[in-house]
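I have placed the structure first, in the form of structure tokens, so that the comments after it can refer back to it.
The values are calculated or read from the model by the stated rules, or taken from the named source; none is laboratory data. Because the structure is predicted, anything quoted here is derived from the model rather than measured. As a convention, Cβ positions derive from the backbone with ideal geometry for all residues, glycine included, and neighbour counts pool all protein chains shown.
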Amino acid sequence: MSLISKFKSLLPVSSRSFHAAEKHFVTQNNLVKDELFDIKSKQDELFRRIEQTDNGINMNLNYKVGEVLSPTLKSISDDLDAHDSHMKMFAWDAYKNEGESIDDAKKRFFRSLPQATGGMRLLQLGCAKLLSEFDALCQENSIPYWLNFGTLLGAVRHGGFIPWDDDVDLGILRNDLTKLTELLEHDDRYRITVVYDKFVYCRQVRFWYSDVAIPCFLDLFIYDWAESDNRDKEEEHRRLRRKMITGIEADPSLQFWCDEPYYAQENDQAGAIQLQFDRYIEQAHSGGLISTSKSPYIRWSIDNLDDGKQRWWTYRYSDVFPVNKMKFEGIKCSVPNNPDSFLTSRYGDYMELPKDIHSHFQHVNHDKLDSPETKEVFDRLIGQEER
């Protein structure tokens, strides 16, 4: 039954009365429809004007940013860079001695910087002692290694630790790391630890004293043999690492790693993480990106972190081998045959004044370095006379 028929059945029986009421309701209904249509039209117009205004504002802002602000900022940045270069040039020219080259003046400047003091210096000296013993161990067992990153920069530029650096970075080939690990299974003086770092998706490999009270360690970064330094292959290797990270993030069985982002190799579920690394290392092998046998090149392994600062991942064999010796804190250590290649890849012009003097990442809690307990540990390790 229609609404009108239902309504009609409830009224007194008068056709005229009903039709008059019906006409009134139809008229009122049409008026309501007209009002609703008018409101809808005004609403649409309001939305159109808001959108138009918004677009106008955004387009105006985009224009001002893209056509006015960005070029101005770039011009200011270029001017500041040019001014910075000019000031450095004048400063180095004023600093150098008569008959001294700018490069020699820079080396003299960096080597004249004051050393670290207090607990920081104790940590550096402890790491230097550990490095000396590591070097002797490697020489005795024909295991090549080389100073890397900030430690190599410290050797070349400062003759030792960069004053604000608190760790030692070393490079080593994968098969030599395996050899070293097996060697330490029968040596109670030292230990190697592997920690899976979820924050940067890497295997953090470190060489320590067996005494866990000593906070000194050496970071070991892994390199693989490679048949080519083709940049496409190198980028493919980077993509493979990114693919590995995506696979790890999508694997629900690795949720435990999120809960404990620094996961030690000896923990129960570490094998599940290592399985992911092994899978993609095998893909790198099958894809011809790395090799197990001696090759013309070496390549940064996907086990390591990728912080975006490494310009190249691949180096010529002759850039590394045969390793040379260079003094670091008075110790003759192994360095790449062509240290400039490594340093330029990482730092660009590494003889310029650095930007990380006050922002270098602390690998050890420096608050604990000045504690009596830590000082006692270092007294036993390096002795007071060596400070």
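Going by the conditions given, is residue 165 crowded, with 19+ Cβ neighbours inside 10 Å and under 27 Å from the mean Cα position of the chain (by Cα)?
Answer is yes for this residue.
Any residue in the stretch 305-331 that's of a type in the set (A, V, I, L, M, F, W, C): show its pairings with residues that are loosely packed, with under 13 Cβ neighbours inside 10 Å and part of a loop (DSSP other than H, G, I, E, B) at Cβ separation under 8 Å, as long as the two are six or more apart or on different chains.
Within 8 Å, the pairs are 305/200.
Working only within the stretch 135-154, note down all residues that are surrounded by fewer than 20 Cβ atoms within 10 Å (Cβ to Cβ), of a type in the set (A, V, I, L, M, F, W, C) and either closer than 17 Å to residue 319 by Cα or free of Cβ contacts under 8 Å to residues at least 24 places away in the same chain (or both).
The one that is surrounded by fewer than 20 Cβ atoms within 10 Å (Cβ to Cβ), of a type in the set (A, V, I, L, M, F, W, C) and either closer than 17 Å to residue 319 by Cα or free of Cβ contacts under 8 Å to residues at least 24 places away in the same chain (or both): 136.
Take residue 242 and decide whether it is surrounded by 12 or more Cβ atoms within 10 Å (Cβ to Cβ), in the same structural domain as residue 193 (by TED's automatic domain parsing) and in a helix (DSSP H, G or I).
When the stated conditions are applied, residue 242 passes them.
Among the candidates 315, 297, single out the residue that is at pLDDT 85 or above and either of a type in the set (Lys, Arg) or in contact with an Asp or Glu (Cβ under 7 Å, 6 or more places away or on another chain) (or both).
Of the residues listed, the single one that is at pLDDT 85 or above and either of a type in the set (Lys, Arg) or in contact with an Asp or Glu (Cβ under 7 Å, 6 or more places away or on another chain) (or both) is 297.
Out of 111, 157, report the one residue that is at pLDDT below 95, part of a helix (DSSP H, G or I) and surrounded by fewer than 13 Cβ atoms within 10 Å (Cβ to Cβ).
From the options 111, 157, the qualifying one is 111.
Among the residues of the stretch 202-210, is any of a type in the set (Gly, Ala, Ser) and either without any contact (Cβ under 8 Å) to a residue 60 or more places away in the chain or surrounded by 20 or more Cβ atoms within 10 Å (Cβ to Cβ) (or both)?
yes
Can you tell me which condition residue 82 does not meet? The list is (1) modelled with pLDDT of 85 or more; (2) farther than 30 Å from residue 379 by Cβ; (3) surrounded by 10 or more Cβ atoms within 10 Å (Cβ to Cβ); (4) not β-branched (Val, Ile, Thr), and all the others hold.
The failed condition is (1).
Just one of 183, 220 is surrounded by 12 or more Cβ atoms within 10 Å (Cβ to Cβ) and within 25 Å of residue 313 (Cβ to Cβ); which is it?
On inspection, the qualifying residue turns out to be 220.
Identify the residue in the stretch 114-134 that is aliphatic (A, V, I, L, M) and in contact with a Leu (Cβ under 9 Å, 6 or more places away or on another chain) and, among all such residues, is surrounded by the fewest Cβ atoms within 10 Å (Cβ to Cβ).
Quick first cut of the stretch 114-134, residues aliphatic (A, V, I, L, M) only: 116, 120, 122-123, 125, 128, 130-131.
Imposing the further condition that a residue be in contact with a Leu (Cβ under 9 Å, 6 or more places away or on another chain) reduces the set to 116, 120, 122-123, 125, 130-131.
Details: 116: 18, 120: 20, 122: 24, 123: 23, 125: 22, 130: 20, 131: 21.
The residue in question is 116.
Of all residues being of a type in the set (Ser, Thr, Tyr) and free of Cβ contacts under 8 Å to residues at least 40 places away in the same chain in the stretch 177-197, which is farthest from residue 129 (Cα to Cα)? Just the residue, please.
Pass one, the stretch 177-197, residues of a type in the set (Ser, Thr, Tyr): 178, 181, 190, 193, 196.
Retained after the next criterion (residues that are free of Cβ contacts under 8 Å to residues at least 40 places away in the same chain): 178, 181.
Details: 178: 23, 181: 20 Å.
Only one residue fits best here, namely 178.
Does the stretch 183-204 contain at least one residue that is part of a helix (DSSP H, G or I) and at pLDDT 95 or above?
As a first pass, look at the stretch 183-204 and keep what is part of a helix (DSSP H, G or I): 183-184.
If we keep only those that are at pLDDT 95 or above as well, we get 183-184.
Yes: the stretch 183-204 contains one or more residues that are part of a helix (DSSP H, G or I) and at pLDDT 95 or above.
Collect the residues in the stretch 249-289 that are out of contact with any His (no Cβ under 9 Å at 6 or more places or on another chain), surrounded by 11 or more Cβ atoms within 10 Å (Cβ to Cβ) and part of a loop (DSSP other than H, G, I, E, B), keeping them in residue-number order.
Hits for the stretch 249-289 are 251, 260, 261, 265, 267, 269, 288.
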